[in-house]
Amino acid sequence: MLRILSLFILIAIFQRVEAQTSTLALADSLYSVGDYQKAIQVYEAQGNISANVYQKIASAQNARGNLNAALVAYQKAIQQNSNLVVAKANYGKLLRRTFQYQKADSVYTDLIQQYPQNPDFYYQLGLIKQNLKDPEAYLYFERSLKHDVFHQHALYQLASYYYSQKDFKKAEKLTLRGLKNNPRNIKMQLLSALNAYTQRNYSSALKRYEKVINLGYTSENVFEKLGMCYYQEGFINPAIEAYLSALKLNSENATAHLYVGKLYLHREDLAEAEKHLLMALLLSKPKLDESYQSLGLTYKGKEDYKKAMYYFNLALEEEPNKMRSQFELAIAADNYYADLNTRLSYYELFVKKFKNHSGVQSFVELANRRIKDLKEEQHLSKKVD
């Protein structure tokens, strides 16, 4: 009888385990095809959620961008099983991504104590130390490279550090090491090119920027620097093409217009030179009207109406149809002058200039209302006289 009872118990246990395994397989399948929400629902439907399942829930929450829920799930996984190294590492990364740098520092310091040969743990701690503004953050990238001489991310971070310190030789050495192992690393190629460009080694920088473009990466900055390299090396037509490519990405790049204008002038294409040089001049002219208007508003707030009027007038010299400055000028004059006719004239000028402009009718109405009030005040003052 006892044997039969034990057999039934074993069968029940096996059935339960088999059902749970089947359910987890379904959740894993949903996760693998990107249906994270349904996968989480299936994972959470388990009776007693294990540490491994909490880790899977955390991964799914992270994948769908629900970072707070992912952090909570990682915490539960680690609380149940403190030996889950992957969960700890991912938890630390997520803490860094959510700007919880001190907590992330603690997690990776602990991981390094447990696994002192792991290069990625040093790299991750280096990133955290950077965010904590630790001046010795670079040392962790160096330690990472001691355990993996071709760790691409650590190489890039360390090369960037030495570049920022103007130690161009070390930066060059590190970028070349990284590119030898992975020549398609765009970030490393860009840093390598910039390192040469900053030292005015235009011949080398030119080849490196060409390589970046051949790898399929293009940007306004890359074309602009490539144009300068061609320009410095005396390649006029390629320099023009590079600057024109930069202008296709940003037609308001004043520097690109200036240099392409100079290059057209060198080629004696005066019409194109004129067009681009005039654009460079136009785009380089500082737009002071906003600054003047902001200063005017500042002095108006301080009730220094004389200075406010001065800056509103300057704004209008820069941009005569600047509606806000014209209206604020009238208000400042209304507060500054005692003479009613003078105060009226500023509002009347505003209405005259903007009465037919769309979108400013509320301001015109306010000005007309003030004109009416001032005229009534004039009328009353005449009666008193």
Q: Please go through the range 187-213 and pick out each residue that is touching a Ser or Thr at 6+ places or on another chain (Cβ under 7 Å) and among the charged types (D, E, K, R).
A: ARG208
Q) Residues in the range 29-68 that are at positive phi and free of Cβ contacts under 8 Å to residues at least 24 places away in the same chain: how many? A) 1
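Read the figures in this text as sums done on the coordinates, not as results from a lab. Everything numeric here is computed off the predicted structure, so don't read it as measured data. Cβ coordinates were reconstructed from backbone atoms using ideal geometry, including for glycine residues, and neighbour counts include every protein chain displayed.
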